[in-house]
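Remarks on the structure that follows.
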Amino acid sequence: MEPTFSPPLHMQRHQFVIDFVKRNKTQKVVDLGCSECSLLKKLKFHREIELLVGVDINGAKVKRKMHGLAPISSYYLQPTYDQLRIELYQGSVTQKDVRLRGFDLATCIELIEHLTLADVERFSEVVFGYMTPVAVIVSTPNSEFNPLFPGLTGFRHSDHKFEWTRAEFKSWALKVCLEYGYEVDFTGVGQAPPGQQERVGFCSQIGVFHRLGGRDSCDMLYGDDAEDMFSYTLLYSINYPSLRDQNILRRVLVSEVLYWAEKLKGRWLEQKRDYSFTLCQTERRGEECLGVSERRMEMENKQTAYATAACGAEMCGRGVAEDTERKDEELSWTNVQGQHELHRFVSVPLAVLWYRCPKVSALSGNLTNLKHILMEAPEVKLSQDGSAVLVQDQGFEEKGDCNDLEDSGYAEASQYSHSDEQEEAWDTNV
Ligand code: SAM
């Protein structure tokens, strides 16, 4: 019976590479003979990889599916600090190119059997002698397994120039190790049926090579060959969005600040409205334990502290008890006189945003940085001293009725002003 593999053999080969990458935390990986980039597409999800390169002699094959390597939209919407650059080249593994030096891992999955024996010699020199990656994974068919494929005469593929026995593969691999300073372990994927494994071996045999001296021997090797060769043609390159890119960091931080400032404003206004309603009810019932103005002041004080704390605590996950003590961080109203009309803003101190929103603090590092970044951001309106984000109160503009607000006890003097528009204290305008 013809052997079938589960998962399919090509997936087992790719999984072997993925497991190696995970175990060794390899950052720079080149896939030689990458074909339609199917291994690269799996490797791009492994965040330890920072540089992923594919090379194939057949440029048309590479181009066919290469756009599947582009970042999906969530990478732009929620970038992380991880970095990934992908490059694809058309070129032959028998030729040197300086851009392929300095890799942690080179994979050659079902490649060498497509080369003539003379080209295998060149390949060995280029990969092990010139590129000198820290590790190399070579997989190739094991011809001893072939009798288990009924009806198979000759090689497994019409383009194969040879298929080696385990002894032939071993002999080539050990020669390479001796010549270029590597050591090798032999394994494989695609198990033979029970009882036959030892006799026929794996369907795909694999050699895992490690450079003697590891990473440290790299500089010494490069010193020997100063020549820079560029024999490959770049077909595709892409940098994945990363928060290590200052422009991306700025964009994400600004959108985070605008989002939370708006949220905090919304919560604060909601709380104020609830308070106003409670106050009206109480007054109507004539429960005059305190004078109205005294009670209003007392409730306002509590209200502002709780509104601010509730917004922060609920949305950003900090404790209310801690937050109620931050009297200097309260939201407040501030007014800005435009050319024709008065605009009202809610002033959200940067300190509130920084302390209450972990993502804002993580992205900015400290309050001074946050202020500097926001000062450069035209989409954020800051108070004149730069200590608060001003979020427009749309409701106020629509109503345009200042007296209602003052009557409800909402009016507060602003400590902020702005350079190009004159901000005025609310209660001096009503
Ligand atoms: N590595 C692929 C995978 O795991 O999905 C499959 C490789 S496919 C069987 C062999 C590939 O080697 C082909 O895409 C072929 O174009 C490429 N190839 C053949 N000779 C080459 C050479 N001299 N340099 C680079 N690539 C070569």
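Read the figures in this text as sums done on the coordinates, not as results from a lab. None of these values were measured; they are calculated from a predicted model. Glycine gets a Cβ as well: all are built from the backbone with ideal geometry, and neighbour counts include every protein chain shown.
If you stretched the chain out fully between Ala70 and Glu121, how much longer would it get, using 0.36 nm times the residue separation minus the C-alpha to C-alpha distance? Intermediate values should be presented prior to the final figure.
Details: separation 51, 0.36 × 51 = 18.36 nm, distance 3.48 nm.
Going from the current span to full extension adds 14.9 nm.
Cβ crowding within 10 Å ranks Cys177, Cys34 as Cys177, Cys34, fewest other Cβ atoms first. Taking Cβ atoms as reference points and 11 Å as the exclusive limit, the residues near Gly207 contribute a net charge of 0, counting Lys and Arg as +1 and Asp and Glu as -1. Computed extension length for Asn247-Met229: 3.2 nm, one decimal, from 0.36 nm per residue of separation with the Cα-Cα distance subtracted.
What is the local net charge at Phe230, summed over the other residues whose Cβ is closer than 10 Å to its Cβ (Lys, Arg +1; Asp, Glu -1)? Spell out each step's value before the answer.
On the way: positive: Lys96, Arg99; negative: Asp97, Asp228.
Charge balance near Phe230 sits at 0.
Mean sequence separation of contacting Cα pairs (under 8 Å, at least six apart), scaled by the length of the range 14-76, corresponds to a relative contact order of 35 percent.
Within the shell defined by Cβ-Cβ distances under 13 Å, the residues around Leu370 carry a net charge of +2, with Lys and Arg each +1 and Asp and Glu each -1.
Computed packing ranks the peptides 251-259, 86-94, 144-152 as 86-94, 251-259, 144-152, most packed first, by mean other Cβ atoms within 10 Å. The simple spin-label model puts a point 7 Å past each Cα toward its Cβ; for Ile18 and Lys175 those points are separated by 3.5 nm.
Any idea how far apart Ser158 and Lys61 come out in nm if each label point goes 7 Å out from Cα toward Cβ? The answer from the label model is 1.4 nm.
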